[in-house]
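This report refers to the structure that appears directly beneath it.
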4 protein chains.
Amino acid sequence: MKHVCVAITARPSYSRVRSALTAMQADPGIRLSVVCSGSALLDRYGRVVDNIRADGFDVVEELYTFVEGGELVNMAATTANTISGTAQTLTRLKPDYVVSIADRYETIGTAIAASYCGFPLVHVQGGEVTGNIDERVRHAVTKLSDLHMVANEEAARRVRQLGEHPDTIHVTGCPSLDIVDDAMAGPLSEVQQAVDTQGVGAHVDLSEPFIVLLQHPETDSHGASYERMCITLHALDSIGLPVLVFWPNVDAGSDATSKAIRVVRENGLMTRARYNKNLDGRIFLRLLKEACCLLGNSSVGVRECSLMGVPVVNIGDRQIGRARGANVRDTVWDQEVIATAVREQITHGRYPADYLYGDGGAGARIARILSAGPVLTSKRFQDA
Amino acid sequence: MKHVCVAITARPSYSRVRSALTAMQADPGIRLSVVCSGSALLDRYGRVVDNIRADGFDVVEELYTFVEGGELVNMAATTANTISGTAQTLTRLKPDYVVSIADRYETIGTAIAASYCGFPLVHVQGGEVTGNIDERVRHAVTKLSDLHMVANEEAARRVRQLGEHPDTIHVTGCPSLDIVDDAMAGPLSEVQQAVDTQGVGAHVDLSEPFIVLLQHPETDSHGASYERMCITLHALDSIGLPVLVFWPNVDAGSDATSKAIRVVRENGLMTRARYNKNLDGRIFLRLLKEACCLLGNSSVGVRECSLMGVPVVNIGDRQIGRARGANVRDTVWDQEVIATAVREQITHGRYPADYLYGDGGAGARIARILSAGPVLTSKRFQDA
Amino acid sequence: MKHVCVAITARPSYSRVRSALTAMQADPGIRLSVVCSGSALLDRYGRVVDNIRADGFDVVEELYTFVEGGELVNMAATTANTISGTAQTLTRLKPDYVVSIADRYETIGTAIAASYCGFPLVHVQGGEVTGNIDERVRHAVTKLSDLHMVANEEAARRVRQLGEHPDTIHVTGCPSLDIVDDAMAGPLSEVQQAVDTQGVGAHVDLSEPFIVLLQHPETDSHGASYERMCITLHALDSIGLPVLVFWPNVDAGSDATSKAIRVVRENGLMTRARYNKNLDGRIFLRLLKEACCLLGNSSVGVRECSLMGVPVVNIGDRQIGRARGANVRDTVWDQEVIATAVREQITHGRYPADYLYGDGGAGARIARILSAGPVLTSKRFQDA
Amino acid sequence: MKHVCVAITARPSYSRVRSALTAMQADPGIRLSVVCSGSALLDRYGRVVDNIRADGFDVVEELYTFVEGGELVNMAATTANTISGTAQTLTRLKPDYVVSIADRYETIGTAIAASYCGFPLVHVQGGEVTGNIDERVRHAVTKLSDLHMVANEEAARRVRQLGEHPDTIHVTGCPSLDIVDDAMAGPLSEVQQAVDTQGVGAHVDLSEPFIVLLQHPETDSHGASYERMCITLHALDSIGLPVLVFWPNVDAGSDATSKAIRVVRENGLMTRARYNKNLDGRIFLRLLKEACCLLGNSSVGVRECSLMGVPVVNIGDRQIGRARGANVRDTVWDQEVIATAVREQITHGRYPADYLYGDGGAGARIARILSAGPVLTSKRFQDA
């Protein structure tokens, strides 16, 4: 019996590994514990911890680690809290594996806690590139990790280049795509109801054409967050279609982004917009399937939307260097350029599916590997 | 004018960069600030912060970050404190560069603080391999860093393999070796006085043959620290020569090591041993020059002693994978094997100098590079 | 020259001591430093630190201490951060006096930092009673303090009862009331503009009758916060007058309160309400002067409104035990009872002024005492 | 069934409540959990957590909170860690009562964690006076507490004066004295063995006259710690009797005290001294019973020694204001004065027992009260 402890620090991290959690829960060789921290506990970000419990997983500790304030120093302080809280919790739990997810800044806290306290660290979604602080974090976590569950061969190649031993690298696909098929089969009425009851602003009829906006601050230049959100919102206003706007995540710069949303709203623009907190991941994907276009800079545009064939306009540098399919149009922060790209994507319509990031079986593969319980030996740099 | 902030978290880190600090202090294009934390502030480890001030450097903040206790969880907690304290301090200082040194576990705290808060991070001594948690830390710090000052071409090659841009990698040599020539020219009487006044135990006459012992706990298997120190001390006891024993550093396991020293001492063994806290680095090198043999697992054996030609017996895995010269004999944790190796090294005597880790000009090169102030652009992974 | 360091952790704390800061700034015998932390730095609570700087005071450090999340454990975590951050800052500043204000939970962090680090601690507004965790904090801070600046003779008597030496207790009046006269003389147009530009919701014409609502969660029973806010809002809805609603402070329970405001708003009640973040204190008082009635549980109702003669309906236990004038009607959490009390207060209209909490000269008195620099001797419990 | 959580932060705190823990363990109406932190976990201070487990108590969490370094700022940092760690633990345990002990600086961390998180706080040994930072802490903890278990009527009177409700104050006696009778009946041979095996230095024959030294730094003037320890040691050297020296506790200033012991030892004074870490409390009391005189400033001199009739010379201000019996001679920090007082106490010999601090039944009383589970109502200041 392997005791696997998964650290969830934010809603998108849960979405990324839910299928792996489900597969682990079903595996008789695994005992699963979830530790939640960061924005996963916060009302402002939809308290995904409640969803995790509702989904039947055992959340064994809640660590309030998030130091409020939109400054860079707060990312450092939150990471520090993640280390100390997670280390204390792991020392009590004594798991066989600790799972850390992707590249959010605070996940390096999980990685340090596990590796310093001597618990084998499993990293999901290593080896990808994004071109900002997230990428530094991602590769640093790789160097602290013992096992690597990567999305595709390109990612595996980078993890090998980073000096990790090939035996520790598993191309599982990305578990976040495991739910796409299932999500796309869901009823649209469920999505309509979620949007109607949870959001504020104009009513949006999902059977008519609409756009989805999901724009996060860029952490390397977060001072520009307010201005950039204004550019995007003005571009959207010029299109005239209804828009479902989703609040950004909790990185430095998110307060400024929220402010832009408020100001534009109070200035009488975007009158056909509805403003939503995060939806359940499955429902959000079903919504995207219906959208004429996803606008913003979320990784969902290059990842899930690639498999779903949703037209995407991706703005700025946040997804730079990340592999993408034909469905993605990249633009700069310019109102006219953005508006034109959105119009062209609306005209184009749906794209064919692309298997860049996985085939739907990643979660099951991750569970099988951990259940088998690979023997870890002392780690050494592998010269190329 | 570039404002360079150097974070010193322990005595050996200071020894490693002192020549670079001296060169920066003398450079009109650089304003130098030192931030001290961790064991650099602790009496038990000789409070190197007082030496730093006495050497004329501006220590602008003292951060008490060290959470006492010999458990692994304490390394995590201390690292967390290093992040939050350093981030707060850097946000106040707003330096142009932050310098982080080598591979101690808490230095990743400096690296996270600087990189998350947006200050360009300079890493000294990246690209080397050691084979335990230190190595994970070292490479993770490389991935968080903007500039790399490495010891030799082998290290540079590894940093490039890690995906860093070649323009950001500078082969400067290791600044810790800059003091070797100067140190070797010092009078032995100064060393004799330091040992006599600071240590406890038997008197050791440095004009007669003697051995130096410097053994740190291995952080990957620190549970064995007590037993291993006992093995070493019993081996030394069988040799019969006077021994200068130095207290280990502050990693997990150091309490156990200290205990072994106490117990052996109280059991009437090692009657010709003298026990010392850390000496000033320059005096310590002068002492090593005189020693018949250095025993233990310190990096000084493979690095400085290589340049000085001092016979070294290196035990266990702590220096594994690190380049070494002809002066080093590697052994396992076995009393007989160790005793035999020490006897053979005593018989062999001094070795010729080897320039594996530098030629004495590293500090000046580092200062010149930072004074010139390279323009940093957003960092991206360099595919091989 | 006395160096006085004032720790501001929240907007209301600044309002309470602004006149004392002004007087200290003007005193040639005092050098004034302000350290800001907690919600004083947060956008959600109006970032009073920006106001403090705009008012000409020297904010020497910003400490992000606020751990987000509406649970009780977060109050403890925020207090812990306040201690460590403030202690580090005070050790650097070495002030002659540290000033801590009133009774917010995190202010005990200032008190511990100052008293443990050996800096004389000055407490403003000790000796009052409120009947919940705030009161525990207030009296605990008294026991950690060296000097006491109290509002009235009743407060002084309690501080003496607590065993403090009479020579250390100064009846200065409460500095928060120093601005009342000045504030009441301000133009209403300025208030109208502030409300119009900063709030959201219905337009409220301040030249017509209106009500002000300022309701904080009760920290001893914060689970009921959502329900209680609903009761109050339904009571107000039944009155039919326009209402200016102010968002609650940052205590545990505030998320629930905010949620109630959102839900009621989305349910179509309170259609004549306008929702505001905190206003500048002076403008808020000018607004209160105009209000038919202040409803809620804020201390401003028993304190400033007493001097201004504004009719107040005070709900629940938050102000229990606190001295109050004829202008205050106390009620329980019952929709009908509240609605009736509000109607009766509206019918009654303005009350005559009452000098219960001060005469307008408290700030000047506090500055004079600190400038004179009383000699503090080692503190001992004074038996009654 | 009441769940009682006792927070132990240091060895002396355990000695003080052990009899209460034993009585709670035996009470079918109580489930007992112990949380250990601070120096209770540290090798340097004898890791009392191991004794607690060996005594059969359930230690449910170990919190490494102690930030090393002899500066005042470290007391603040350690207290901050105590708050955050304890709050997290209590939130998980959800006890019916939390017990905080006496007046050590970090115990206010326990008090804040419990009271802020809504767990009823029981304070043992409130209402006593000592005249330094400890006293501030003690009374501040009283103001945060819900129940008070005090040593005698004088302490009860002070807690009432502090505004606590008489129904919440219980005169139980001090549980630390419960073990005195039992301890005094133990065999001297056990003590001789403990001293012989654990200490270093000269052999001391306990059947011959000897002195015990236990001197802590005074936290209000810890800069003088080194000098004061030197004074005491020189005074003792002039007496000529064997001395058992015990290392001081972990307060600010303890490094300096330790240094004085080392220096005097290395200077060839105190040749008949033996140096010991802390002994088990019971054995230490048995040792004191045999001593000609206890010298220093420990509370054991005024408390336990009063009941045992041991002659005590108490130096300085640390015990000022604390009730004491005829067995205590108070002196200032002067070598001659101290030496004379010690000689006179040796000449005088044993004193009769005095019941100032309890009769041996305190622990059982405390367990009974908590088992009965008093109903706590919201706390209010009781005007005198």
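Can you give me the angle between helix B:11-26 and the longest principal axis of chain B, using Cα atoms only, in degrees from 0 to 90, rounded to the nearest 10?
So the inclination is approximately 50 degrees.
For peptide C:371-381, how many partner chain Cβ atoms fall within 10 Å of a residue's Cβ, on average?
3
Calculate how steeply helix D:72-93 sits against the longest principal axis of the alpha-carbon atoms of chain D, using the helix alpha-carbon long axis, and give the answer as 0 to 90 degrees to the nearest 10.
The two axes meet at around 40 degrees.
Compactness ratio of chain C: Cα Rg over 2.2 N^0.38 Å, N = residue count? Walk me through the numbers on the way to the answer.
Values: Rg = 20.1 Å, N = 384, 2.2 N^0.38 = 21.1 Å.
Compactness ratio reported: 0.95.
Name the most mobile residue of C:G358, C:G163, C:G38, meaning the one with the largest mean-square fluctuation, in a Gaussian network model of chain C with Cα contacts below 10 Å.
C:G163
Using the Cα gyration tensor of region A:265-348, with a ≥ b ≥ c the square roots of its eigenvalues, what is the shape: rounded (a/c below 1.5), prolate (a/b larger than b/c) or oblate (neither)?
oblate
Nearest-5 percent of antiparallel DSSP beta bridges in the protein assembly as shown?
5
Using Cα-only point scatterers and the Debye equation, what is log10 of I(q)/I(0) for region A:180-348 at each q in 0.16, 0.18 Å⁻¹, rounded to two decimals?
Each listed q maps to, in turn, -0.89, -1.16.
If you take every residue apart from C:V243 with its C-beta less than 10 Å away from the C-beta of C:V243, what net charge results, scoring Lys and Arg +1 and Asp and Glu -1?
Its environment carries a net charge of +1.
Report, for region B:180-348, the % of DSSP beta bridges that are antiparallel, rounded to 5.
Antiparallel bridges: around 10 percent, rounded to the nearest 5.
Compute the angle between helix A:225-239 and the longest alpha-carbon principal axis of chain A, please, reported from 0 to 90 degrees and rounded to the nearest 10.
50
Quick one: work out the % antiparallel among DSSP beta bridges in chain A, nearest 5.
Taking every DSSP beta bridge within chain A, about 5 percent pair in antiparallel fashion.
Just tell me which aspartates and glutamates come within less than 12 Å, Cα to Cα, of D:K2; anything on the same chain fewer than 8 places away is out.
D:D27, D:D96
Is the C-alpha gyration tensor of region B:44-170 telling us rounded, prolate or oblate? Criteria: a/c under 1.5 is rounded; beyond that, a/b larger than b/c is prolate, otherwise oblate. Walk me through the numbers on the way to the answer.
Details: a/c = 1.63, a/b = 1.34, b/c = 1.22.
Since a/c reaches 1.5 and a/b is larger than b/c, the shape of region B:44-170 is classed as prolate.
Just from its helices, what would the mean residue ellipticity at 222 nm be for chain A, if runs of 4 or more DSSP H residues each count -39500 (n - 2.57) and the sum is divided by every residue, rounded to the nearest 500 deg cm²/dmol?
-13000 deg cm²/dmol
Under a point spin-label approximation (7 Å from Cα along Cα-to-Cβ), what is the B:S378-A:Q25 distance to one decimal in nm?
Between B:S378 and A:Q25, the simple spin-label model gives 3.8 nm.
Given springs between every Cα pair under 10 Å in a Gaussian network model of chain D, which of D:A185, D:A114, D:A235 has the largest fluctuation?
D:A185
Take peptide B:107-119, look around each residue's Cβ out to 10 angstrom, count Cβ atoms belonging to other protein chains, and average those counts.
Shielding by partners across B:107-119 averages 6.
Excluding residues on the same chain fewer than 8 positions from A:K277, give the lysines whose Cα lies under 26 Å from its Cα.
Cross-link targets: A:K259, A:K289, C:K259, C:K277.
Please compute, over every Cα-Cα pair in the protein assembly as shown, the percentage with a separation greater than 46 angstrom.
46
Taking the beta-carbon count within 10 Å as an exposure proxy, list D:C293, C:C292 from fewest neighbours to most.
In order of increasing Cβ crowding within 10 Å: C:C292, D:C293.
Throughout, read-outs are computed from the coordinates displayed, never taken from laboratory work. Keep in mind it's a predicted model, so treat the numbers as computed, not measured. Here Cβ is always computed from backbone atoms with ideal geometry, including for glycine, and neighbour counts include all displayed protein chains.
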